[in-house]
2 protein chains.
Amino acid sequence: MVLLIGVLSPIYFLQLCNMPYKKIQQEDISFFGSVTGLQYVHTDEEQRARCAADQTEDLRYIPEVVLLPGTAEEISSIMKYCNEHLIAVTPRGAGTGLSGGALPVTGGVVLDMKRFNKILKIDKRNFQVTTEPGVITQVLQEAVKNEGLFYPPDPASKGSCFIGGNVSENSGGPRAVKYGVVKDYVLNLEIVLPNGEIIWTGANVLKNATGYNLTQLIVGSEGTLGIITRIVLRLIPPVKHDLLLLVPFRSAVQACAAVNAIFLAGYTPSALEFMERDALEWSMRYVQATGISLPDDIAAHLLIEVDGNNMDELYRDAEAMSQIVQQYDIDEVLMADSHEQKQMLWTLRRKVGEAVKSNSIYKEEDTVVPRAELPELLTIVKEIGREYGFHSVCYGHAGDGNLHVNIVKAGMSDEDWNTKLPAGIRKLFGEVVRLGGTISGEHGIGLVQREYMNVAFNETQMNLMKQIKHVFDPNGILNPGKIFL
Amino acid sequence: MVLLIGVLSPIYFLQLCNMPYKKIQQEDISFFGSVTGLQYVHTDEEQRARCAADQTEDLRYIPEVVLLPGTAEEISSIMKYCNEHLIAVTPRGAGTGLSGGALPVTGGVVLDMKRFNKILKIDKRNFQVTTEPGVITQVLQEAVKNEGLFYPPDPASKGSCFIGGNVSENSGGPRAVKYGVVKDYVLNLEIVLPNGEIIWTGANVLKNATGYNLTQLIVGSEGTLGIITRIVLRLIPPVKHDLLLLVPFRSAVQACAAVNAIFLAGYTPSALEFMERDALEWSMRYVQATGISLPDDIAAHLLIEVDGNNMDELYRDAEAMSQIVQQYDIDEVLMADSHEQKQMLWTLRRKVGEAVKSNSIYKEEDTVVPRAELPELLTIVKEIGREYGFHSVCYGHAGDGNLHVNIVKAGMSDEDWNTKLPAGIRKLFGEVVRLGGTISGEHGIGLVQREYMNVAFNETQMNLMKQIKHVFDPNGILNPGKIFL
């Protein structure tokens with residue numbers, strides 16, 4: 001009996017007692033200070049409040065302490081300590097996430113990655129960049145552009161989000177339809193495991209058949225398996241020209257149908273975005289845009305971009321696509337005729353999410369289906385909205401079959417919002433899965449979608465994922481409460 | 001004590017005793033017959049010999065029984081039984097593998113997948129195909145081509161290999177340089193787990209941020225985590241035209257350097273293949289090709305293909321690339337001027353492996369490095385060859401930095417072959433890793449490379465992979481002896 005007690009660690013006791021994570025004490029703070037320097041350990045209200053929210057609804061969870069480590073080795077020491085003391089650790093990028101992945105739901109430590117803000121090497125010879133995760137995506141894009149290279153993935157928040165968050169969520173963006181999502185560019189990752197060990201997940205090569213694909217297991221794992229400290233991305237040659245069309249439709253479902261018609265005709269636009277009338281209208285109001293008329297009978301728009309190195313060909317493609325959309329009930333096709341006009345249209349598209357958020361409490365769903373099922377999906381969204389009494393603003397990356405469904409609270413009662421709406425969302429996700437799709441295309445599961453994971457996956461699938469989590473994080477200290485209920 | 005014995009299963013006993021897998025008995029055969037029908041259970045010498053080898057060196061391992069299941073449900077029953085009885089199961093595609101992934105090294109059951117030979121659905125609307133794994137890759141390519149779609153990955157064995165094997169090994173091929181490898185096309189997989197459960201790994205969508213990426217974990221896992229029974233692949237629009245250039249170099253290292261020069265100038269060929277003189281010469285002899293002159297001073301060739309929909313542009317690109325290679329010491333650039341000539345050049349390239357094999361006992365290494373390091377890699381290969389006394393024939397997908405190093409036994413003594421050569425290969429792989437590369441680009445680890453896994457990965461990385469294996473296959477019955485020592 002003495003022996004038995006002797007071998008049980010404190011963590012084991014906590015687990016046996018089903019106790020929550022350890023509350024942080026002064027001794028822990030002192031330890032963290034000895035690792036990072038005390039100036040990077042924040043327990044003040046302001047810093048903790050700063051790290052309490054991301055862009056997900058109006059959710060707030062206050063961490064006990066905010067750490068700003070500067071190196072992988074510092075993170076290693078922190079993780080080793082927290083793993084031994086059963087302290088919850090939530091990594092945080094720029095806080096632009098839309099599924100609550102960065103929310104410290106059990107308190108504990110927030111590992112704020114913003115000091116990891118260096119682009120370490122742009123390898124022009126090999127079309128690769130090695131970067132720390134706390135670099136703003138657009139900053140990275142511009143840096144490689146200055147070296148004559150191109151990193152395509154461009155989430156709407158590219159001006160503020162971190163590349164590390166993009167990797168963690170497997171982000172997309174408008175260009176994904178032609179160029180793929182983040183996972184298609186990640187070659188290799190340095191991560192700190194929950195036990196403090198530092199590993200690379202793969203190699204800096206374009207093809208790799210050497211063991212299991214740990215790199216792709218980490219991409220999109222939402223900070224639940226390891227802390228990303230370095231990222232190697234492949235880059236491609238830049239594209240010289242692009243053209244942008246805005247097509248107004250009198251029927252939103254027809255706009256969705258037109259998307260697939262373009263692909264069936266053999267064209268691959270570099271962006272093919274859908275915006276319901278409300279999406280564009282609210283965004284125009286939000287950014288105070290002028291110069292775009294929005295006649296009363298217009299129900300939706302497609303924003304179509306083509307890119308390439310041959311301007312004549314782009315004009316031919318744009319002309320051909322204009323012909324294709326003519327078979328639907330549309331108003332006049334607008335071709336952006338200046339850099340400024342393109343910028344304005346893209347700003348309107350990028351700001352839809354913020355515009356909706358500024359308008360009302362809302363929930364953002366991130367449905368994705370095989371592209372041809374988009375008209376049916378939109379129809380279903382509206383039907384379920386009528387059935388469950390909610391209004392939705394739909395927009396998104398139609399070329400990928402990825403429809404963002406922003407559900408606005410507006411006049412809905414708190415009770416309906418909290419009880420009836422989840423049932424409606426569950427029904428919607430069931431239909432999405434029936435159509436061959438799934439419940440998140442690019443925003444991740446994080447906190448707010450985990451209750452719906454069982455719509456997309458059965459118990460066997462969920463158990464495999466949970467056991468993989470357990471392999472990486474046996475004590476469950478890393479980003480607890482995410483992905484799994 | 002009675003209770004303790006009571007709860008131990010037979011498997012547990014076998015594991016406790018560290019015994020090998022159960023030998024197959026008549027009762028097992030009867031069970032298999034009851035699942036598949038006895039006509040699909042083969043214990044005769046001929047069938048067992050057929051499934052004893054793949055294309056890896058001259059290795060042979062005779063299975064105890066060959067099963068030809070016809071459905072995922074049959075495989076489920078077989079796996080459940082074998083898992084309970086600790087019978088080793090090795091899945092087999094077309095047997096074209098180059099790392100021994102399909103070799104039944106512990107005897108047991110070979111699960112021959114050749115009855116899974118149906119293309120289930122070509123979804124033209126969504127640019128997707130759902131296929132069984134036992135379809136020959138080229139058959140699949142032609143079937144989707146007939147429907148106006150394109151599946152690019154084209155391993156050298158495309159005329160005989162199975163698409164399921166391609167997924168299991170994450171195969172590449174010449175077109176990978178522009179179009180990516182198999183992993184870039186796999187959307188979703190149906191697999192049978194070692195315990196008999198049948199799951200889908202993902203959804204039929206172009207982007208997916210819903211839980212861990214089980215799909216990419218299975219791709220390239222070499223049949224060690226589950227048996228693939230259905231595959232959903234994304235397809236792309238077909239390309240209308242291509243041009244093919246053959247460039248003879250007087251220096252093999254210069255040929256490797258020219259590869260990167262083409263990319264640095266902004267071109268992305270649809271294939272960029274390197275062949276040492278011996279590779280082409282042996283292949284010409286093997287296929288009895290005529291019509292290509294091979295002057296004595298030529299050390300290597302690049303085979304460069306460009307494709308696209310605009311023939312003028314292709315000619316311009318080909319002309320520009322010809323200019324780029326002129327800066328090196330080359331003979332005259334040949335442009336294939338007929339379909340037949342293109343076919344002949346591609347046949348020569350595809351047959352190099354077989355030609356080398358027909359010439360001598362050999363080992364095929366599948367090194368891959370960042371593209372710009374290719375000249376250094378080739379130099380190192382030859383240096384190590386001189387140091388360790390082996391001759392190598394090098395060729396491969398230079399545009400990806402993927403160099404196949406075929407080491408021929410020729411005059412090497414058996415002792416040197418068995419002891420000195422592995423040390424040389426280990427040294428080579430060490431250099432590959434130093435250059436940022438890894439030990440397999442597209443052939444996999446299988447049986448023959450597992451002893452070198454510790455060159456690419458440290459103990460922490462290996463343990464993560466082994467634990468993932470354990471999650472899927474706790475009894476270790478599925479494709480034992482692969483990837484891990």
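Quick check on the range A:228-259: of everything there that is under 30 Å from A:ALA94 (Cα atoms) and of a type in the set (A, V, I, L, M, F, W, C), which residue is most open to solvent (accessible area, probe 1.4 Å)?
Out of the qualifying residues, it is A:VAL239.
The criterion of at least 1 residues that are away from chain B (no Cβ under 14 Å) and over 27 Å from A:ASN166 (Cβ atoms) is met by the following helices (runs of 4 or more DSSP H) wholly inside the range A:212-302: A:252-264, A:277-287. Inclusion of A:ALA102 among residues that are out of contact with any Phe, Trp or Tyr (no Cβ under 7 Å at 6 or more places or on another chain) and either part of a helix (DSSP H, G or I) or surrounded by fewer than 24 Cβ atoms within 10 Å (Cβ to Cβ) (or both) is not warranted. I need the full set of residues from the range A:191-211 which are within 7 Å of another protein chain (Cβ to nearest Cβ), part of a loop (DSSP other than H, G, I, E, B) and either farther than 17 Å from B:VAL182 by Cα or of a type in the set (A, V, I, L, M) (or both), in order please. Selection gives A:GLU197, A:ALA203, A:ASN204, A:VAL205, A:LEU206, A:ALA209. For the range B:48-71, give me each residue that is surrounded by fewer than 18 Cβ atoms within 10 Å (Cβ to Cβ), over 26 Å from B:GLY353 (Cβ atoms) and not hydroxyl-bearing (Ser, Thr, Tyr). Residue satisfying the conditions is B:GLY70 alone. Within the range B:193-218, the residues that satisfy the criterion of being open to solvent by less than 10 Å² (accessible area, probe 1.4 Å) and touching a residue at least 40 places away in the same chain (Cβ under 8 Å) are B:LEU193, B:PRO194, B:GLY196, B:LEU217, B:ILE218. Among the residues of the range A:368-389, those that are at the interface with chain B (Cβ under 10 Å from one of its Cβ atoms) and outside any helix (DSSP H, G or I) comprise A:VAL368, A:VAL369, A:PRO370. Could you tell me whether the range A:437-444 includes any residue that is assigned by TED's automatic domain parsing to the domain that holds A:LEU374, among the aliphatic types (A, V, I, L, M) and in contact (Cβ under 8 Å) with a residue 60 or more places away in the chain? Yes; the residues of the range A:437-444 include at least one that is assigned by TED's automatic domain parsing to the domain that holds A:LEU374, among the aliphatic types (A, V, I, L, M) and in contact (Cβ under 8 Å) with a residue 60 or more places away in the chain. Does the range A:317-332 contain at least one residue that is of a type in the set (D, E, K, R), open to solvent by 60 Å² or more (accessible area, probe 1.4 Å) and closer than 27 Å to A:ASN406 by Cα? Looking for residues that are of a type in the set (D, E, K, R), open to solvent by 60 Å² or more (accessible area, probe 1.4 Å) and closer than 27 Å to A:ASN406 by Cα, one finds at least one in the range A:317-332, hence yes.
Being of a type outside the set (A, V, I, L, M) and part of a loop (DSSP other than H, G, I, E, B) is a property that does not hold for A:ASN83.
Scanning the range A:105-121 for residues that are assigned to a loop (DSSP other than H, G, I, E, B) and of a type outside the set (Ser, Thr, Tyr) returns A:VAL105, A:GLY107, A:GLY108, A:MET113, A:LYS114, A:ARG115, A:PHE116, A:ASN117, A:LYS118. Here B:CYS394 clears all of (1) closer than 20 Å to B:ILE218 by Cα; (2) within 19 Å of the chain's Cα centre (by Cα); (3) open to solvent by less than 10 Å² (accessible area, probe 1.4 Å) except the condition numbered (1).
Criterion applied to B:LYS178, B:LYS145 was being touching a strand residue (DSSP E or B) at 6+ places or on another chain (Cβ under 8 Å), more than 10 Å from chain A (Cβ to nearest Cβ) and surrounded by fewer than 21 Cβ atoms within 10 Å (Cβ to Cβ), and the one residue passing it is B:LYS178.
Evaluate the following for B:ILE407: is it touching a residue at least 24 places away in the same chain (Cβ under 8 Å), away from chain A (no Cβ under 14 Å) and surrounded by fewer than 17 Cβ atoms within 10 Å (Cβ to Cβ)? Before you say what the answer is, go through the steps one by one.
Numbers: touching a residue at least 24 places away in the same chain (Cβ under 8 Å): yes; away from chain A (no Cβ under 14 Å): yes; surrounded by fewer than 17 Cβ atoms within 10 Å (Cβ to Cβ): no.
Considered against the rule, which asks whether it is touching a residue at least 24 places away in the same chain (Cβ under 8 Å), away from chain A (no Cβ under 14 Å) and surrounded by fewer than 17 Cβ atoms within 10 Å (Cβ to Cβ), B:ILE407 comes out as no.
Check every one of the helices (runs of 4 or more DSSP H) wholly within the range A:1-74 and list those with 1 or more residues that are modelled with pLDDT of 95 or more and of a type in the set (A, V, I, L, M). Helices (runs of 4 or more DSSP H) meeting the threshold: A:26-36, A:45-50. Could you list, in sequence order, the residues of the range A:448-469 that are more than 9 Å from chain B (Cβ to nearest Cβ) and open to solvent by less than 20 Å² (accessible area, probe 1.4 Å)? Scanning the range A:448-469 gives a single hit, A:TYR452.
Evaluation of A:LEU187 against the conditions (1) over 13 Å from the mean Cα position of the chain (by Cα); (2) surrounded by fewer than 24 Cβ atoms within 10 Å (Cβ to Cβ); (3) over 22 Å from B:SER221 (Cβ atoms); (4) more than 8 Å from chain B (Cβ to nearest Cβ) shows that the sole unmet condition is (3).
Please verify whether B:LEU225 is in contact (Cβ under 8 Å) with a residue 60 or more places away in the chain, buried (at least 22 other Cβ atoms within 10 Å of the Cβ) and closer than 28 Å to B:PRO375 by Cβ, treating the condition exactly as stated. Criteria not met by B:LEU225. Of the residues A:GLU169, A:GLU197, A:GLU147, A:GLU190, the single one that is under 24 Å from A:THR90 (Cα atoms), modelled with pLDDT of 95 or more and touching a Lys or Arg at 6+ places or on another chain (Cβ under 8 Å) is A:GLU190. Taking each residue of the range B:108-129 that is under 24 Å from A:GLY437 (Cα atoms) and more than 12 Å from chain A (Cβ to nearest Cβ) and looking for partners that are among the small types (Gly, Ala, Ser) and in a loop (DSSP other than H, G, I, E, B) with beta-carbon atoms closer than 9 Å, six or more apart or interchain, yields B:LYS118/B:GLY134.
Selection over the range B:109-142 of residues that are out of contact with any Asp or Glu (no Cβ under 6 Å at 6 or more places or on another chain) and open to solvent by less than 30 Å² (accessible area, probe 1.4 Å) gives a count of 19.
Screening A:GLU431, A:GLU459 for residues that are touching a residue at least 24 places away in the same chain (Cβ under 8 Å) and charged (D, E, K, R) leaves exactly one candidate, A:GLU431. Output the residue which, of all residues in the range B:148-163 that are within 14 Å of chain A (Cβ to nearest Cβ) and without any contact (Cβ under 8 Å) to a residue 40 or more places away in the chain, is nearest to B:THR56 (Cα to Cα). The selected residue is B:ASP154.
Does A:GLU376 count as in contact (Cβ under 8 Å) with a residue 12 or more places away in the chain, over 22 Å from the mean Cα position of the chain (by Cα), surrounded by fewer than 19 Cβ atoms within 10 Å (Cβ to Cβ) and within 24 Å of A:LEU272 (Cβ to Cβ)? The answer is yes for A:GLU376. The set of residues from the range B:244-270 being under 17 Å from B:GLU319 (Cβ atoms) and in contact with a Lys or Arg (Cβ under 6 Å, 6 or more places away or on another chain) comprises B:LEU244, B:THR268, B:SER270.
Here is a yes/no grid of residues against (1) out of contact with any Ser or Thr (no Cβ under 8 Å at 6 or more places or on another chain); (2) over 24 Å from B:ARG234 (Cβ atoms):
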{"residue": "A:GLU415", "(1), (2)": "yes, yes"}
{"residue": "A:LEU421", "(1), (2)": "yes, yes"}
{"residue": "A:THR438", "(1), (2)": "no, no"}
{"residue": "A:GLY441", "(1), (2)": "no, no"}
{"residue": "A:ARG450", "(1), (2)": "yes, yes"}
{"residue": "A:MET465", "(1), (2)": "yes, no"}
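Among the conditions (1) within 14 Å of another protein chain (Cβ to nearest Cβ); (2) assigned to a helix (DSSP H, G or I), the only one that B:GLU365 does not satisfy is (2).
The values are calculated or read from the model by the stated rules, or taken from the named source; none is laboratory data. What you see is a predicted model, and the numbers here were worked out from it, not measured in a lab. Heads up, the Cβs are rebuilt from the backbone with ideal geometry, glycines too, and the neighbour counts pull from every protein chain shown. These area figures cover heavy atoms from the full protein model, side chains too; ligands, DNA and RNA do not enter into them. Shrake-Rupley method; radii C 1.70, N 1.55, O 1.52, S 1.80 Å.
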